[in-house]
Every structure is written in structure tokens, then in C-alpha cells.
Amino acid sequence: MSTQASTSVAVNEARGRRSTEDVENPKIHFRVCRFIIETGVKLGMRSVPMATACVLYHRFFQSASLQVYEPYLVAMSAIYLAGKVEEQHLRTRDIINVCHRYFHPDSEALELDGKFWELRDSIVQCELLILRQLNFQVSFEHPHRYLLHYLLSVRSLLNRHAWSRTPIAETALAVLKDSYHGSVCVRHKPQHLALTSLYLALQTYGVQLPRGEREWWQVVCAEITKAQIETIMSELLQLYDMEAKCT
Amino acid sequence: MDRMRKIKRQLSLTLRGGNSGDKTMSETISSQDTGAHSDSEAMPVGGSGGLRGSVRGSGGSFSMHSLLQSYSSALRRPRSLGRSLSSYLNHTTRLEIVHEDVKMGSDGESDQASATSSDEVHSPVRVRLRNNPGRKISSEDINKRLSLPADIRLPDGYLEKFSLNSPLFDKPLSRRLRRVSLSEIGFGKLETYVKLDKLGEGTYATVYKGRSKLTDNLVALKEIRLEHEEGAPCTAIREVSLLKDLKHANIVTLHDIIHTQKSLTLVFEYLDKDLKQYLDDCGNSIHMHNVKLFLFQLLRGLNYCHRRKVLHRDLKPQNLLINERGELKLADFGLARAKSIPTKTYSNEVVTLWYRPPDILLGSTDYSTQIDMWGVGCIFYEMSTGRPLFPGSTVEEELHFIFKLLGTPTEETWPGITSNEEFISYNYPRYRPDSLHNHTPRLDNDGVDLLSKLLQFEGKKRIAAEEAMRHPYFHCLGERTITLPDTTSIFALQEIQLEKEPGMRTNSLSESVNSISQRQSLLF
């Protein structure tokens, strides 16, 4: 009995510890991903390498602890590695300079001294660390192309005026890109994420699609359920809540 | 619907953020988004739509401050990362990445689950095992548990370590636990492999012949140096990430990956020679039945890749490995899934143009699986005749060779070609197509028909790997070759036999002659 009690206390303690981490970690990840996306834009990265960088980051921290690894360094290496994986090769020097400017907007570029080389070496080392942690599984299927297909199907269901009145495509893409701020992008199938982004965009503008025997989303993506859409949607909306907390 | 209204309200609130105003929600979104969607790829700021909008608005000094702090720690971090890295590297048991069955590789969540459950929660599985204490653990149990090949030899004393309460058997196998176990057996460790001869050297990698102490089998060790400033070469990253998912009898197997601080070693299965050497060794005249077997296996491996949307993009005889049984395997996936195909490597070695299709030579970047099928045709010809089909050394010469045989394309034979600027600028003479029959005396009518279907100017007209496997040319191999499971070799079928090569030189001679030139395939 007593052992049982002490175990349950331990469990509760662990749970308590967990819950503060559960609250704080997503915020940290949100900020770091915002950093990845912002530096990515400044480095001229295309959407897919940028998405890969975020996925690398999230996958890494699915199995590694924030207490052990510096998230911003992992982020920089994720950007570098994503460039290699998606063939938009980025130079470490550019990454370091852009990141340096992100953190110190008013300062000059770093001198090419020991500190700079040390930083570059840690990016290269950390890249290897990510590769090992992810078991070299670094090519991912992204939702972007599914979204494109879904958009084409939905457009054909709507009349031309309804389509041109509302920026459905733009909003869906924006929602999809925003989803990379959280681990929602690695916890769901790319098809499901793409569909939910579109679903959310349509709902936002109150666009109704003609309903046949099945719902439109059943037509374009047969295996998803209403409950799955709602789960992903609420996770996406939580990210927008997070934004308010992370300014 | 009610729920949706709630969500919409929530969304509108968050999108509006702190900015007050009477805007409707859609206005808010579109005003924040207009920047983002006009050019989603290249806009300097605003690439991520809604979120970014208010970041700019109210982000301000506070977040900058916290980021500054975290960055200063990031800058201080290198040393501590160095430390954690070295401890990480020493701590092989936990993190050694070993070759593992894809199915076993969970997403990492099970790691955490098992870590917490080990201390506090009693696993029902353990209880059940305790009730059955008489059972002995055999090496088969372990092989099965870890999905190891049957021919593996576990190290002495490894079996004794297992009592029935050992972590390997008393709960569901997590990824970490499996790694630990595999590492204890010897996977992921350099000591497990004995280096024998050096097979070749490239800019990034050196290839050795080796022997695995675990299985006594020969292996090819591709040692990639990491002292380069650029870190791991991207060809290696792509090759490993692809090969981990490709399991097929006609694709070279990646057994293991070994990390040390200075190098990354990929352990491949060893095959005696590549098709180039095989051709050399039998005096450039392969038995026509064996040509058929090799071509079929090449198509079989490619079909598997193409089904999984993986393109090889660098097919050539040097990249096709052949063992003594006559099994042919695709190797060197360094360029696979590459979006652009370079004409030069990092070391400025020229990538061969001989097997590259005319549409790519003329600058097309819009290609798919058909890019590999042209190369198959060239290799088919080379196996049948003993000499390369189009041995051009420049793009212009390569195209010249192609048009000389197949005829200079016209609007009828290749719609749209007359408006291709590069084609116009080369200004080739107007050749008439030559008959393939005249060039391939050893090939029967079916063979010539298949060859002509592979050597089509336009990618979309080229025969696909799957269709080619069903071509009449292969009918004599029997129906069963088509329906074999992916990982079964065609030589598992009794009716499939390799013919003896009459002109084959003895192994010892060929090895001494060719040991240096061989295995270009495994190099970068």
C-alpha cells in the first residue's frame, strides 16, 4: 500500500513537472519557429525548404530535451540542413550573419574571428546531431502540393465570382504556413493538414460548397473524418492563441 | 455549426489581436494577408500571413529583449555544445544510430513512454513472463525480436546476459531500447567491421572492402570524411535518407551507419563487380540470355523506385553492381531526388553525359520517371554490343551522336523541338533515322522493339519500367518473375538460371587488373 502511495506521489510530481513544461515548451518552440521562418524569408528560402527546416526542428525536439539542447542553435542547423535536403544550398556564413542581425539588429556583422568559426563549427556539428537524432530520415512529404490539388478541386465546385470575391487560396496557404509554428505539422498526415487549412479558410469566409451525397472534403480526401478535422482545427487555433502569448 | 461559430469568433479575435477597430474579420485577414499572397515565395517580411501581421505590430521590444538573452546564451553555447556532443558521441549505447527496420522506427514518442513506464508502472507483459520462468532465450528469439537477419552471429556472452526480466523481453520494444540492444550486439560500431582492401577514393569518400564480424559477410565500407567546412555532404544525406526506405532485391542494401567525430561510414552489402567490369571481364560480349536477366533486374529495381516516386537520375554501368549469382543491384543514390542534375561534381569531375536523355540535354527541367528510362536503353545497347551507345564528351557532341543514329528531330518526330532555342543554336545537320537493327546484330526483333521504345526523344513517349517488364522480350522468363515479392531475387525461381560466360576471365586476373578502376560507383 505504502509503495503504491509513494508511486502515485511520484507520478503526480512527474505530472506536475510535465504540465509546466507542457505550457512553456510550446511557447519556446513557437518563438524559435518564428525565428526560423523570419530568417528563412531573409535568406530567400522557398516555402518547402522552410517547411523542411521547421519539420526538422520539431522532429528533433520530439525526442530531445530543451534542457539539453539550445533551441536556436538547433534551428540554425535545421535551416542549414534543410537547404541541403531540398537543394537550396545556403552558406553557413549567410545563415550566421542573418541570424546575428535578427538578435542584434543594430550591430555590425560578426568579425571573421575565432568566435565566428566556433559558431560555424557548432552549426555543422549540430547538423550531424540532428541527422543522428532523426536517424537520417530527413526527406519529408509536405502538405503544400496536396493543398494545391484540393484548391483546384474546390475551385471547380464554386462559381467564378464566389472564387474571385474571397481570397480562399491565399488564406489556406497562410494557415498552412502558420501551422509550422507548432508541432501540429509533424503530428498529422500532410493530406489532413492541407485539407484542414482549406476547411478553415472556407469557414472563415463563410463560403458554402454545394453538397452532394458526400461532403466536399470527403470527395477530395476520402479517409479523413469530421472529428480529425476538428482536432487539427483546434490545434491550429491554439497556435493563433499562442501568438498572443508570445509577443 | 454552433462549434464553428465559436471557432470563428476565436479566430477573429486572435487575428485581430490587440488592434482594435470595427473591421470585419475578413477585412482583417485580407489586409494582413495581401502582402503575403501576392508573392508568397519572395516577400521579405510577411511570408506567413496572419501570424506575422501582429508580430510586427506589437512584437516590439519585449520579445527582442528575450531573444537577445537567448541568443547571448546561444553564442556562449558552442563550448557547452561541444561538451554535450562529445558526451553524446561517447554515449553510444543510447544514441548509436543503427540500421533498423523502418517499421520498427517509431516516431520517438514510444521512447518517452517507455522511459516513464520503466520505473513506476508495472507492465502486464512482465507479469506474464514471470509466470513462465522455465523458458530459455535463444539467439533466434533475439533475432526475431530485433528483426535481424537470420545469419547473424551474436557475440559470445551476449545470450547469457539475458535473464527473463531483461529489458529486451519484458515490455514492448521501444526504439531506444532496440538501439541499445543493436548497439550491444555490435551494430553502429567501427570495431564490428574489419577493413580489407581499398577499393577507390573520391573527394568526399573512400570505399573499402570489409568484413563484418557479425555475419562474416563481405561488406563495402564507404567512409565519408566530415572535416569539410560544409558538414555532411548533401549527396550522402540524400542517399542515406532514401536508401533507408528502399528494400528490394535489386537495390543495394545499406546495412549500417557508423558515426565517429571525423567520419560517417556507410556499410553496404558487398557485390563483386559493377556492370562495367563485368563487361570488361567477359570481353565485352555478355551472353544474350544474361543480358536479358540483367536488363530485367534493372527494370525491376527501377520500377520499385519509380513506384515510390524515387528517381535514380544517374544510371550508368558503373552504378549497377553484380554478384556471382548474377544478381544486379542499383547503387549510388547520391543524385536521386536531386532537382537539378549537375554536369560537374564538387571536385569538378565531369558527370558522364552518355546516359542522359536528349530532352534533359536540351535544358528541360520538367521530367519524371522517364528520365531513367533513356539510360536503361543506353545500357541495354551497351550490354548487347559491348560498346557505349552515345559516348559524347560535351552536350553538343552527345546530342550529335544521338541524332546521327535516331535522326535529327523534326516537328513531326518531336513536337515543339523547332522552337527550342538550344536546339536551334546547335544547328545540327538533318540526319535520317538509322535502323537500330543494323547496329545490334545480336538482338532479336523483340529486343530491338523494346530498345526503340526506350530510346524515344520525348520523355512521355518512353516506355515505363513496369510496362517494359511485361514486354514480349521477357516472355521467355515466365509469368512468375512479374509477381515476385519485392525482396525476393529472381534467382529464387528455378527456371531462372545464369548462363556461363564463355569469354569470362578468371577472377584473380581481373582483380589485379581492375582493382583500382573498380567501384567508381560508390564514390562521390
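The values are calculated or read from the model by the stated rules, or taken from the named source; none is laboratory data. Note that the coordinates shown come from a computational prediction; the quantities given were computed from them, not determined experimentally. As a convention, Cβ positions derive from the backbone with ideal geometry for all residues, glycine included, and neighbour counts pool all protein chains shown. Each accessible area value is taken on the protein alone, full model and side chains, heavy atoms only, with ligands, DNA and RNA left out. Shrake-Rupley method; radii C 1.70, N 1.55, O 1.52, S 1.80 Å.
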Please list, ordered by residue number, the helices (runs of 4 or more DSSP H) wholly in segment B:211-313 having 1 or more residues that are over 25 Å from B:ILE490 (Cα atoms). B:234-243
Residues of segment B:227-276 satisfying the condition of being open to solvent by less than 10 Å² (accessible area, probe 1.4 Å) and without any contact (Cβ under 8 Å) to a residue 40 or more places away in the chain: B:GLY231, B:ALA232, B:ILE237, B:VAL240, B:SER241
Could you tell me which residue of segment B:229-264 is modelled with the highest pLDDT, considering only residues that are out of contact with any helix residue (DSSP H, G or I) (no Cβ under 7 Å at 6 or more places or on another chain) and of a type in the set (S, T, N, Q)? B:THR253
Failed condition for A:ALA194, given (1) among the small types (Gly, Ala, Ser); (2) over 20 Å from A:SER164 (Cβ atoms); (3) within 12 Å of chain B (Cβ to nearest Cβ): (3)
Which condition from (1) in contact with a Ser or Thr (Cβ under 8 Å, 6 or more places away or on another chain); (2) more than 8 Å from chain B (Cβ to nearest Cβ); (3) modelled with pLDDT of 90 or more is the one that A:ASP178 breaks? (2)
Among the residues of segment A:77-92, is any in contact with a Phe, Trp or Tyr (Cβ under 8 Å, 6 or more places away or on another chain), more than 8 Å from chain B (Cβ to nearest Cβ), β-branched (Val, Ile, Thr) and closer than 24 Å to A:SER183 by Cβ? no
How many residues are over 12 Å from A:PHE136 (Cβ atoms) and among the aliphatic types (A, V, I, L, M) when one looks only at segment B:235-257? 4
Considering only segment B:485-499, how many residues are open to solvent by less than 90 Å² (accessible area, probe 1.4 Å), more than 22 Å from B:HIS287 (Cβ to Cβ) and not acidic (Asp, Glu)? 2
Log entry, pairs with first residue in segment A:204-232 being touching a residue at least 24 places away in the same chain (Cβ under 8 Å), second being surrounded by 15 or more Cβ atoms within 10 Å (Cβ to Cβ) and among the aromatic types (Phe, Trp, Tyr), beta carbons closer than 6 Å, six or more apart or on different chains, reads A:LEU209/A:TRP216; A:VAL220/A:TYR150; A:ILE229/A:TYR199
Residues within segment A:105-124 that are within 9 Å of chain B (Cβ to nearest Cβ), farther than 18 Å from B:CYS234 by Cβ and crowded, with 17+ Cβ neighbours inside 10 Å, tallied: 2
hydroxyl-bearing (Ser, Thr, Tyr), over 18 Å from A:ALA174 (Cα atoms) and without any contact (Cβ under 8 Å) to a residue 40 or more places away in the chain: does that describe A:TYR57? yes
List the number of the failed condition for A:GLU127; all other conditions in (1) surrounded by fewer than 17 Cβ atoms within 10 Å (Cβ to Cβ); (2) within 24 Å of the chain's Cα centre (by Cα); (3) charged (D, E, K, R); (4) closer than 30 Å to B:ILE257 by Cα hold. (1)
Failed criterion for A:ILE79 (all others in (1) open to solvent by less than 10 Å² (accessible area, probe 1.4 Å); (2) modelled with pLDDT under 95 hold): (2)
